[in-house]
1. Report yes if Ile110 is closer than 24 Å to Gln72 by Cα, in contact with a strand residue (DSSP E or B) (Cβ under 6 Å, 6 or more places away or on another chain) and either aliphatic (A, V, I, L, M) or surrounded by 11 or more Cβ atoms within 10 Å (Cβ to Cβ) (or both), otherwise no.
2. Restricting to segment 75-87, name every residue that is out of contact with any Gly (no Cβ under 7 Å at 6 or more places or on another chain) and not in a strand (DSSP E or B).
3. Taking the conditions exactly as written (in contact (Cβ under 8 Å) with a residue 24 or more places away in the chain and either among the basic types (Lys, Arg) or under 17 Å from Leu147 (Cα atoms) (or both)), does Gly77 satisfy them or not?
4. Filtering segment 113-129 down to residues that are surrounded by 14 or more Cβ atoms within 10 Å (Cβ to Cβ) and either among the small types (Gly, Ala, Ser) or more than 19 Å from the chain's Cα centre (by Cα) (or both), which residue is farthest from Lys54 (Cα to Cα)?
5. Can you tell me which residue within segment 138-159, out of those that are of a type in the set (D, E, K, R) and in contact with a strand residue (DSSP E or B) (Cβ under 6 Å, 6 or more places away or on another chain), is farthest from Thr38 (Cα to Cα)?
6. So, in segment 80-107, of the ones that are surrounded by 21 or more Cβ atoms within 10 Å (Cβ to Cβ) and free of Cβ contacts under 8 Å to residues at least 40 places away in the same chain, which residue ends up nearest to the chain's Cα centre (by Cα)?
Amino acid sequence: MRTGKIKLKQNWRWVMAVLVVITLLALMGAFHMRFNVTPSMPIGFYYQVAQPGKLQRGQTVEVCLPKTIGEQGLSRGYLNRGSCEGRFEPVIKELIAVPGDDVQLTQEGILVNQVFYYAPFIQFDMNGKPMSAYPIKKIKNTDQYWLYGANDPEYSWDSRFYGGINRENIQGVIRPFLTTKTVANFFQLIFH
């Protein structure tokens, strides 16, 4: 008799876990939420606030990279399978340059209208694979959008490696909902 109660409790936990997962997936779909697992931006849940209208520097965007770039990211293990053309997942990055901006790439980072973003050229990725960077140069009045992995600027796979992207690659503007950064900020407010 006691064994039956234990099994019922264990089964009940599994049923609840499955229901929670199904509910989270439904909410993610209904509210255009996405879970980020890469260190380029804080890990956690993000929600889409707008279809891309007028884009501005500093916004966080969800991007389907051009097919050849995304396929390279998939083959190198930077991206998982997903919904973009080429069957790789979208990336979440900070938008640091928009058309009309001046962009300069250096060994230490990216300059956008004389604002410096730390993004050093690295010879090898975290898996020991050799890296190739976008050519170091100045681009006056760019006609593309430039992306930056603000959470991990040293190892983020961003525009310093593949250059700018076109407008049609940007899927939407997103904001953090529940991420490692939002949780840390919450606890900092409570305990300080």
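1. Details: closer than 24 Å to Gln72 by Cα: yes; in contact with a strand residue (DSSP E or B) (Cβ under 6 Å, 6 or more places away or on another chain): yes; either aliphatic (A, V, I, L, M) or surrounded by 11 or more Cβ atoms within 10 Å (Cβ to Cβ) (or both): yes.
When the stated conditions are applied, Ile110 passes them.
2. Restricting attention to segment 75-87, the residues satisfying the condition of being out of contact with any Gly (no Cβ under 7 Å at 6 or more places or on another chain) are 75-78, 80-83, 85, 87.
Selection gives Ser75, Arg76, Gly77, Tyr78, Asn80, Gly82, Ser83, Glu85, Arg87.
3. On the way: in contact (Cβ under 8 Å) with a residue 24 or more places away in the chain: yes; either among the basic types (Lys, Arg) or under 17 Å from Leu147 (Cα atoms) (or both): no.
No, not satisfied.
4. Among residues in segment 113-129 that are surrounded by 14 or more Cβ atoms within 10 Å (Cβ to Cβ) and either among the small types (Gly, Ala, Ser) or more than 19 Å from the chain's Cα centre (by Cα) (or both), the one farthest from Lys54 (Cα to Cα) is Ile122.
5. Taking segment 138-159 first, the residues of a type in the set (D, E, K, R) are 138, 140, 143, 152, 154, 158.
Then keep just the ones that are in contact with a strand residue (DSSP E or B) (Cβ under 6 Å, 6 or more places away or on another chain); that gives 138, 158.
On the way: Lys138: 29, Asp158: 12 Å.
So the residue we want is Lys138.
6. By that ranking, first place goes to Glu89.
We did not get these values from a lab; they are worked out from the coordinates using the rules stated. It should be emphasised that the depicted structure is a prediction, and the values quoted were computed from it without experimental measurement. As a convention, Cβ positions derive from the backbone with ideal geometry for all residues, glycine included, and neighbour counts pool all protein chains shown.
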